[in-house]
Every structure is written in C-alpha cells, then in structure tokens.
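Following: one structure in structure tokens, then a few remarks.
The values are calculated or read from the model by the stated rules, or taken from the named source; none is laboratory data. All of these numbers come straight from a predicted model, not from anything done at the bench. All Cβ positions, glycine included, derive from the backbone under ideal geometry; neighbour counts span all protein chains shown. To get the accessible areas, we keep the full protein, side chains included, count just its heavy atoms, and leave off ligands, DNA and RNA. Shrake-Rupley method; radii C 1.70, N 1.55, O 1.52, S 1.80 Å.
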Amino acid sequence: SAMAAVRDVDIDPEGTFKYILVRLQRPGGGEQRDIVRGTKAAEFHNHIFEKVNPEMEKLGYECKCLGGGKIEHNSKDKKIRVFGLSTGYGKADHSVTVEILKKEYTDYEITWSDDKK
C-alpha cells in the first residue's frame, strides 16, 4: 500500500532537535499509522508539521499532530533520548515514539522521560 511507502521515522542523524508524532489516516477512517519526524532545521514544532502535511496529503492521507518533544540523537554511541514537549501541540506520548524509533534503530539504546531538558 502507499502507506507502507511512507517511512516510519525521518529524523536528523545527529544532535538534539524538535520532533513531532504524526497520525496518518485515510479519509473516512480505515488504515492509520503513526510516524515520527524531527529536524534541527525546524525552529518550532509547527515548521515540521507544515512540511510533512502537504507531502502526506499528496499521497492521500490526512495528518494529525499528536504532540511533540525533543530527540537527542547520538549516532556514535547509538543512543536516542526522547524528552520535552511542544508548546503548540502538547507533549507527544514518548513511549509510542520510542516504539516507532525501535523499528528503525534496532541496535540502539532508546529511552524517554518527561524531563524538559
């Protein structure tokens, strides 16, 4: 399906940056899944959503932002830490984010917390 063509995770390879958890859905219900997007290029969480949304609409999905936070990605030590929140969207369920990240970064140690920093 076209949904399978959408990557679960698209985040920067290194550094600390904002991320959002996005729910994709076929209009009228049915198929849905959650994806993680994060980048240092985004000053605010909505900048990420504003990039993802049109891309997904082209593929025929409705997008809903489920919340955000920050990701600290250390590729050298193979560690990812998920924390923080989005002022605009609220806090994503970081435990869900971690499960999605584990699918992509199978050999990483991935943790989350409600810490702000």
*Starting from the stretch 74-93, keep only residues that are in contact (Cβ under 8 Å) with a residue 24 or more places away in the chain, then list their pairs with residues that are of a type in the set (A, V, I, L, M) and in a loop (DSSP other than H, G, I, E, B) whose Cβ atoms are within a distance under 7 Å, requiring at least 6 positions of separation or different chains.*
LYS91/LEU85
_Check on LYS116, open to solvent by 70 Å² or more (accessible area, probe 1.4 Å) and touching a residue at least 40 places away in the same chain (Cβ under 8 Å)_ = no
_Test: residue in the stretch 44-55 that is within 13 Å of the chain's Cα centre (by Cα) and within 27 Å of ASP107 (Cα to Cα)_ = yes
*Somewhere in the stretch 63-76, is a residue in contact with a Leu (Cβ under 7 Å, 6 or more places away or on another chain), farther than 20 Å from TYR108 by Cα, of a type outside the set (A, V, I, L, M, F, W, C) and part of a strand (DSSP E or B)?*
yes
*Consider LEU24 carefully, then state whether it is within 24 Å of ASP114 (Cβ to Cβ) and of a type outside the set (Val, Ile, Thr).*
no
*Would you mind stating whether VAL52 is touching a Ser or Thr at 6+ places or on another chain (Cβ under 6 Å) and modelled with pLDDT of 95 or more?*
no
_Restricting to the stretch 77-100, name every residue that is among the small types (Gly, Ala, Ser), within 13 Å of the chain's Cα centre (by Cα) and outside any loop (DSSP other than H, G, I, E, B)._
SER86, SER95
*Kindly list, by first and then second residue, each pair from a residue in the stretch 49-64 that is open to solvent by 60 Å² or more (accessible area, probe 1.4 Å) to a residue that is of a type in the set (Val, Ile, Thr) and part of a loop (DSSP other than H, G, I, E, B), limited to pairs with Cβ atoms under 8 Å and residues at least 6 apart or on different chains.*
LEU59/VAL6
